[in-house]
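**Student:** The structure's right below; bear with me while I get my questions together.
No lab work stands behind these numbers, since they all come straight from the coordinates. Given the structure is predicted, the values throughout are model-derived calculations rather than measurements. FYI the Cβ positions are ideal-geometry reconstructions off the backbone, even for glycines, and counts take in every protein chain you see.
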């Protein structure tokens, strides 16, 4: 039984017997380290179902299932009535078959298509099977790599290697002795010895030496992140084994990996790159290969795991792996634990040198980790060593405490602003939603006169397709009210004026100490920064005065260098440092001078709905664990203060811990990771081994999307495309898009569009000028019916000014066109990052011949040969389709659109394609350009049957689903770059058993043939790209001073590929310009 069915059955039960809506009573059970939630589902004051899980939401789900399963067994007649009622309404909820899409083409375009297909079918490259396409060149590359590896291994035997390591170990021992004796390091050593973890050195090191896995719980300020790796390393150095000790420490964030590595190198009185280094995405300072501590992000370490070449052990020489901040439960860390557990078992089984695994956590809830690795221990748990933190008392202030004081002391007008007063009143009135005690029945009781037996859920009874409760359902379930859209809006509210007043109050009443403000995201950081630095200033304090204040911003999208400035001391002791940060500052990093913390109480979380294939970035309340971590930032160096923007009652009602990311995220990237590691198990089986496995529906949705992208085949094996995508640390759809941009020689605009999709739209829509902002956005769409093109065109215009040094004009351009300058700069940064990834993967050359091309190269990224088709808009539409597929919608009425999983959706109001906006602008364009016509306004609307690609779906109030970032596309784009095709008869062509195209049989047949030829060619290109991965030197690209293209095939095949690319570009361009008065098939 699925969760949705269980929920519907209980609703039906209540309606049938005229009971009130069901209610929940929830309570925590057990000690903090292993606490579980127990949820009781109550109807008519009787408990009809219970559930115990690690978090409240899962416990509620379990209670629903418990009640429904038992009730079905107890009342089969009622279940039969429910099934009959459900079958009547099933048709309304199931997406209707999509109407046929008419494919039309002029005679001239069809002839071009037919000729291209006929010529290509004669080529030899299409007579071979894909598995045989790795030509001699690829084999030579592999053989050369083998030879080099073998030569290197053969050049040093084991005896010589031992001698080298012994010599290096002696050197490390001498350096360490000098470090201990030097007066220059005396203060460093003294500071280290005062950290709490130094008092626990022996029990920690003894536990690590005696056990394969150890959990270390270190409270805030104990020094675990900087000291534990050094303690391990120094123990081996003292044993004259330092060169044989290599430690990898994973961090969830790049800023933590970099800053901690810098700190550790400083404490060891050495520069980075000797015994200490770091490795993050796009940046690294690697340590020595013999005797080292490497800090890296979890993602980088996972990439390392599938870089095995020629059977070489990728962890050769590694002695210790430290996974820091495991309590954060980010998806990469949870997946890493699965891989490490398998590795420890395999190394033991294969009698390889053991690797010690240390898990470090800042919270006491470690029971789940200790038990996860329990199969290595006779008692079923790995040892846990607890280290208290060095923290000072922190005074906590809730809204109940400080709002009245602010009003009494300052009488600030900001407290009377409508949004502020509403926020404060709502928090003051908030009451815990937990129900008072209710009547409990015994394990055997009666419900409506029928005997009811409470029971544990039988896992076999639960449908493998169960998914999470729909947060957007508007029905009430008593004590806990299911979240409505209005609730989500309330949760997303940030009391900016109140926060600014608290900052000003701290500055007014204290003389020192940095102020750290936790905010959900970049938009909120910028909004608060504007409030602080523009008049009217809070309490009259001008925070833009740089002689008094330094405002720093911490966000994952900012460059590492700019984020490092926050750790630097202020030039004047009378100045105050204000840090506006996301949860990036919650753990790992320590900003030494922070004394005051202001917490918005909010965090942004990605939540994926597998049934709708939707990912929403939701602003929601933090957990109590998050709050403890944030308040702890204030007590690191002295007594501190913690102001949180919620009431005490709200705090008491917060979840104990956040939902693990793996349980609320799209799993496509993780699925590719699993296949790239070539594990002897299915994707579902591997994910089932996670510490808290994702549900089957989420896994199935990820696999379906990867198959639609053609990254996986029907047997869940990596396709040639999938092998390349697995090497690119980006969302698979974007990875496919930029690969095709390189192959089809339109790299720069596709990089821009990919950066747009992965970033927030730079277009602003201020309430006071919304209509004007909408007009300008549609203006930049230039009649192309595309949000992606609107951003592309605006970005190009801004970048031309920005790159030429006309910063004043560039800023004015942003103001005049309602553009966020930071958003445009983010797109620029992401473009460069994407290009770097393609270069590292061997898709695009890092260096290429500089020649006179007869005209300026312009501002495009990448070699000119990779941008020959950058101005072909129909091609760009097609590659947008390829990148976002299966996110395709079909216009079914004037306002509605059908997707694969929803019969009715709407274009988002922010889109240039929203309702009549495009038509209105088209009408204004005609008038403005003196075009006279008799067409009615209706003729300006896109006709029924028009296809649109969209980036994301979001669900707003009620059940309405909106499509964001849309682009009109033509049928051929979907046929060529969409999913699997099936030609039902000579007149119909179906894609992924959803979209059906109809038209002239010859046209349909030729289109399908062209698709098959394109897929064959791309498979060969992807195979060749795969041989270049991690071997991306320029020799593969530049030959005889001529630049080769991505995935270059043999000379004859390359000519065929070039003809195919040119032919597709020509056909797409002709289709765009086919006029309606031409004869159509």
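**Student:** Under 13 Å from the 7 Å Cα→Cβ point of residue 492, by amide nitrogen: which residues of the stretch 512-531?
**Tutor:** 521, 523-524
**Student:** While we're looking at this one, here's another question. Considering every Cα-Cα pair within the stretch 300-389, what fraction, in whole percent, is farther apart than 16 Å?
**Tutor:** On the way: 2360 of 4005 pairs.
That tail contains 59 percent of the Cα-Cα pairs.
**Student:** Next up: Where does each of 398-411, 781-794 land if you order them by average Cβ count within 10 Å, highest first?
**Tutor:** Details: 398-411: 15.4, 781-794: 23.1.
For the peptides 398-411, 781-794, the packing ranking is 781-794, 398-411.
**Student:** On to the next question. In nanometres, what is the gap between the two model label sites at residue 1050 and residue 425, each 7 Å from Cα along Cα-to-Cβ?
**Tutor:** It works out to 7.9 nm between the two label points.
**Student:** Shifting gears a bit: How much FRET efficiency would the formula 1/(1 + (r/R0)^6) give for residue 896 and residue 29, where r is the Cβ-Cβ distance and R0 is 45 Å, rounded to 0.05?
**Tutor:** 0.40
**Student:** Same structure again: Taking every DSSP beta bridge with both residues inside the stretch 164-387, roughly what % is antiparallel (nearest 5)? Don't jump to the answer; show the numbers that get you there.
**Tutor:** Details: 3 of 30 bridges.
Restricted to the stretch 164-387, the bridges split so that about 10 percent are antiparallel.
**Student:** At a Förster distance of 41 Å, what's the computed FRET efficiency of residue 568 paired with residue 418, Cβ-Cβ distance as r, to 0.05? Numbers along the way, then the final one.
**Tutor:** Working: r = 40 Å, r/R0 = 0.98.
The pair residue 568/residue 418 has a calculated efficiency of 0.55.
**Student:** Hey, another quick one. Given the peptides 580-586, 802-808, 158-164, 509-515, arrange them by the average over their residues of other C-beta atoms within 10 Å, most packed first.
**Tutor:** On the way: 580-586: 23.4, 802-808: 12.1, 158-164: 10.6, 509-515: 15.7.
Going by the mean number of other Cβ atoms within 10 Å, highest first, we get 580-586, 509-515, 802-808, 158-164.
**Student:** Okay, moving on. Could you calculate the FRET efficiency of residue 162 with residue 511 from 1/(1 + (r/R0)^6), where r is the beta carbon distance between them and R0 is 45 Å, rounded to 0.05?
**Tutor:** Numbers: r = 60 Å, r/R0 = 1.33.
Taking R0 as 45 Å, the efficiency between residue 162 and residue 511 is 0.15.
**Student:** If the chain between residue 533 and residue 100 were fully stretched, how many nm would it gain, using 0.36 nm times the residue separation less the Cα-Cα distance?
**Tutor:** Numbers: separation 433, 0.36 × 433 = 155.88 nm, distance 5.64 nm.
Computed gain between residue 533 and residue 100 is 150.2 nm.
**Student:** Round to a whole angstrom and tell me the spacing of the C-alpha centers of the stretch 510-532 and the stretch 782-831.
**Tutor:** 26 Å
**Student:** Ok, one more. Rank-order 338-348, 490-500, 659-669 by packing density, defined as the average count of other C-beta atoms within 10 Å over each peptide's residues, highest first.
**Tutor:** Working: 338-348: 16.7, 490-500: 20.0, 659-669: 21.9.
Listed from highest to lowest mean packing, they are 659-669, 490-500, 338-348.
**Student:** If I model a spin label at residue 592 and residue 114 as a point 7 Å from the Cα along the Cα→Cβ vector, what separation in nanometres do I get?
**Tutor:** Taking the simple label geometry, residue 592 and residue 114 are separated by 7.9 nm.
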